[in-house]
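K.L.:
Dropping a structure here in structure tokens format, bear with me for questions.
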Amino acid sequence: MPNMTPSECLERLGHGERDVERDSSPSQDEKRPITGIKWFLLVASTLTGSFLYALDNTIVANIAPVIVNHFDSVDDLPWMSVGFMIGAVAVVLIVGKLYTLYNAKWLYIIFTVIFMAASALCGAAPTINAEIVGRVFAGVGGNGMYIGVLTLLSLNTTSRERPQYLSLTGLVWGLGTVLGPVVGGGFELYTWRWAFYINLLFGIILLPLYLFVIPSMSVTPDLSLRHKLATFDWVGSILSVAAFTTLVMGINFGGTLYAWNAAQIIALFVLSGVLWITFALQQGFAIATSFYNRIFPIHLLKRKEPALLFIVCASAGIVTYPSVYYIPIYFQYTKGDNAILSAVRLLPFICLLVVAIQGSGIMMSRLGYYKPWYLAGSAIALIPAVLMATIVETHTSPSVLYGLELVLGLGAGLYAQAAFAVIQAVTPPADSGDGLTLMILAQLTGMTLGLSITGAIFVNVAQNRLYQLLPKLPREQVSRIVSGTSSKLLAKLPMHIREQALDIIVLAWRDVFPVGRLGTSSYAAPIVSYCWIVILKLTGGRLWMAMSSCRV
């Protein structure tokens with residue numbers, strides 16, 4: 001099909017749902033460069049790497065109290081999650097840019113080595129500071145692996161089959177996420193250190209395999225190493241890392257390590273604001289860089305589709321990840337579940353989530369339409385979010401929670417991973433790498449801010465109300481009840497006091513959902529995505545038609 005002008009392309013996409021030509025499918029001219037057993041090993045091995053990253057992301061959720069108690073450093077508990085978040089989200093723009101400049105194979109192997117080395121450090125850490133450093137580098141390496149598998153699958157698949165393969169990343173991510181607390185809880189019975197050493201066992205098999213099955217390819221093979229280093233946006237990289245780091249630290253440490261009005265927290269937020277403004281100006285006016293080499297693909301946000309996809313992808317991250325963390329917390333407090341049992345109770349959500357992710361990817365590959373998945377998914381996810389915030393009580397039957405989990409997993413799964421395929425359909429081929437980086441940034445930003453904000457809401461609301469209920473109890477012990485580092489203390493309270501304490505904790509848990517805190521709650525995200533899609537009407541053309549006929 002001949003090339004089309006931008007206006008003709010947009011007009012064609014606008015009528016794509018009504019006027020589709022069967023011969024526009026690229027299956028007739030597009031072929032995957034790798035096939036057979038080598039392709040199977042490539043997909044299986046890289047997805048296993050993503051599984052390990054997801055596993056490591058939640059494996060600490062239940063063993064973090066054990067680790068800080070082991071080192072007698074309960075005050076450092078927030079660092080166990082903050083360190084990993086900082087390592088993951090702060091470098092996402094840098095990692096995404098590296099994959100557009102250098103050989104994807106060797107970058108992926110380097111980040112895998114970093115992840116394995118960080119896992120070894122976490123497992124053998126002699127002090128809490130070494131543990132925290134290991135968690136930071138685990139976030140860096142794991143994020144590089146995650147971006148790498150998305151890049152490798154995008155580069156080695158046709159536009160029609162790409163949604164199906166990219167949805168597999170959501171499948172393994174869901175499995176790793178739910179198995180993380182189970183694996184961590186199991187190792188807790190023996191030693192928490194093997195929760196990290198287990199990654200090394202996989203690494204021994206995966207690293208040699210990567211050398212043989214991953215094709216060596218570079219998006220910019222004609223550019224020399226010296227030219228790539230000279231044109232890299234070093235100023236933007238430093239500003240983005242500093243801005244993300246100070247923001248995450250401020251949100252997570254407020255109300256936990258320091259009071260919200262403490263000088264340290266105020267300084268973090270002020271510094272973060274200054275850094276974000278400086279970063280925006282530096283990127284907008286291309287200071288100390290060029291418009292082409294800017295680390296943030298700001299030019300994509302000038303278009304409706306990428307800007308809207310950024311919002312809904314971040315919304316999907318905000319919906320999914322706090323659910324994985326806070327649904328088990330409810331069962332741990334109200335039912336007295338251990339790490340393993342509370343993770344098992346999360347299975348209804350995870351099962352429907354991974355099935356919906358894979359199902360929507362397959363259907364998008366076959367039908368080509370993607371707008372309905374956003375509309376249906378966001379509307380469905382909103383229903384259980386509202387119900388969790390209104391009908392769940394301390395003694396609510398587990399079957400009610402299971403039903404809400406099923407619906408929530410179905411709704412979130414319909415669009416949780418869709419943006420990674422859609423962004424490559426609505427952007428020119430030259431911008432596909434930047435588009436992928438933008439979506440990964442959206443997802444990780446949604447995950448980080450979702451967990452940070454919901455964590456701040458839950459901890460601060462629960463602590464303030466428990467202080468009033470237990471005025472004679474030292475504030476440090478009350479904080480440990482909420483953080484989970486002193487569960488025995490809650491059991492020792494008189495029955496009627498314990499019931500009131502549990503009611504307070506459940507009410508704080510409900511505040512994570514969209515009642516009274518619609519502007520900041522993570523589950524306001526489905527409303528945002530639904531309204532934006534309806535109002536702005538995300539382009540509903542066929543995925544493969546957009547990729548094959550649009551050359552803007």
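The values are calculated or read from the model by the stated rules, or taken from the named source; none is laboratory data. Keep in mind that what you see is a predicted model, and the values were worked out from it rather than measured. Don't worry about glycine lacking a Cβ; one is built from the backbone with ideal geometry, like all the others, and counts go over all protein chains shown. For the accessible areas, the whole protein counts, side chains as well, though only heavy atoms, and no ligand, DNA or RNA atoms are used. Shrake-Rupley method; radii C 1.70, N 1.55, O 1.52, S 1.80 Å.
K.L.:
In whole angstrom, how long is each semi-axis of the equivalent ellipsoid of region 224-272, when you take the square root of 5 times every eigenvalue of its Cα gyration tensor and sort them from largest down? Show your work: numbers first, answer last.
P.N.:
Values: eigenvalues 232, 15, 5 Å².
Ellipsoid half-lengths, sorted descending, are 34, 9, 5 Å.
K.L.:
Compute the whole-percent fraction of alpha carbon pairs in the chain spaced more than 47 Å apart. Kindly include the intermediate steps, with their values, before the conclusion.
P.N.:
Working: 15361 of 152076 pairs.
Counting pairs separated by more than 47 Å, the tail of P(r) holds 10 percent.
K.L.:
May I ask you to order 82-90, 394-402, 184-192 by the average number of other C-beta atoms within 10 Å around their residues, highest value first?
P.N.:
Taking the mean over residues of other Cβ atoms within 10 Å, the ranking is 82-90, 184-192, 394-402.
K.L.:
Using only the alpha-carbon atoms, how far is helix 36-70 inclined from the longest principal axis of the chain? Give it as 0 to 90 degrees, nearest 10.
P.N.:
The helix 36-70 is inclined about 20 degrees to the chain.
K.L.:
Taking 7 Å along the Cα-to-C-beta vector as the label spot, tell me the Ile204-Thr390 distance in nanometres, rounded to one decimal.
P.N.:
The modelled label-to-label distance comes out at 5.5 nm.
K.L.:
Given the peptides 297-305, 163-171, arrange them by the average over their residues of other C-beta atoms within 10 Å, most packed first.
P.N.:
163-171, 297-305
K.L.:
Let me ask something additional. Within straight cross-link reach of Lys335, meaning Cα distance under 20 Å, which lysines are found once same-chain residues fewer than 8 apart are removed?
P.N.:
Within reach: Lys488, Lys492.
K.L.:
Compute the helix-to-body angle for 194-213: its Cα long axis versus the longest principal axis of the chain, expressed 0 to 90° and rounded to tens.
P.N.:
Roughly 10 degrees between the two axes.
K.L.:
Let me ask something else about it. I'm checking a number: the convex hull volume of the Cα atoms of region 192-288, normalised per residue, in Å³. What is it?
P.N.:
167
K.L.:
Over the chain, with every protein chain in place, what whole percent of the accessible area is carbon and sulfur at 1.4 Å, could you tell me?
P.N.:
On the way: 14690 of 21880 Å².
Carbon-and-sulfur percentage of accessible area, whole number: 67.
K.L.:
Under a 1.4 Å probe, what is the accessible area of region 34-229 per residue, stated in Å²?
P.N.:
Values: 6870 Å² over 196 residues.
Per-residue accessible area for region 34-229 comes out at 35 Å².
K.L.:
Still on this structure, please answer the following. Could you list the trypsin sites (Lys or Arg not before Pro) in region 396-490 that lie in coil according to DSSP, counting only those with at most 13 other Cβ atoms within 10 Å of their Cβ? It would help to have the intermediate numbers written out before the result.
P.N.:
Working: sites: Arg465, Lys472, Arg475, Arg480, Lys488; in loops: Lys472.
Of the trypsin sites (Lys or Arg not before Pro), the ones in loops of region 396-490 whose Cβ has at most 13 other Cβ atoms within 10 Å are Lys472.
K.L.:
What ratio of Cα Rg to 2.2 N^0.38 Å holds for region 34-229?
P.N.:
1.06
K.L.:
For region 371-441, with every protein chain kept in place, what is the accessible area per residue (1.4 Å probe, Å²)?
P.N.:
28
K.L.:
Mean residue ellipticity at 222 nm from the helices of the chain, using -39,500 (n - 2.57) per DSSP H segment of n ≥ 4 over the full residue count, to the nearest 500 deg cm²/dmol?
P.N.:
Here the helix-only value at 222 nm equals -24500 deg cm²/dmol.
K.L.:
Please tell me which of these pairs span more than 25 angstrom C-alpha to C-alpha: Lys97/Lys371; Lys97/Lys302; Lys31/Lys105; Lys38/Lys97?
P.N.:
Lys97/Lys371; Lys38/Lys97
K.L.:
Between the alpha-carbon centers of region 171-227 and region 402-472, tell me the distance in whole angstrom.
P.N.:
About 22 Å separates the Cα centre of region 171-227 from the one of region 402-472.
K.L.:
Oh, and also: R0 = 60 Å: FRET efficiency of Arg366 with Lys472, Cβ-based, nearest 0.05?
P.N.:
On the way: r = 64 Å, r/R0 = 1.07.
Computed FRET efficiency for Arg366 and Lys472 comes out at 0.40.
K.L.:
Now, a different point. Order of 271-282, 413-424 by packing, highest average Cβ count within 10 Å first? Present the calculation step by step, with values, prior to reporting the outcome.
P.N.:
On the way: 271-282: 16.3, 413-424: 28.3.
Sorting 271-282, 413-424 by mean packing, highest first, produces 413-424, 271-282.
K.L.:
Quick one: helix 92-101 against the long Cα principal axis of the chain, what's the angle to the nearest 10°, folded into 0 to 90?
P.N.:
On a 0 to 90 degree scale, this one is about 20.
K.L.:
Oh, and also: If you find the alpha carbon centre of region 281-301 and of region 93-162, how far apart are they in angstrom?
P.N.:
Region 281-301 and region 93-162 have Cα centres separated by 24 Å.
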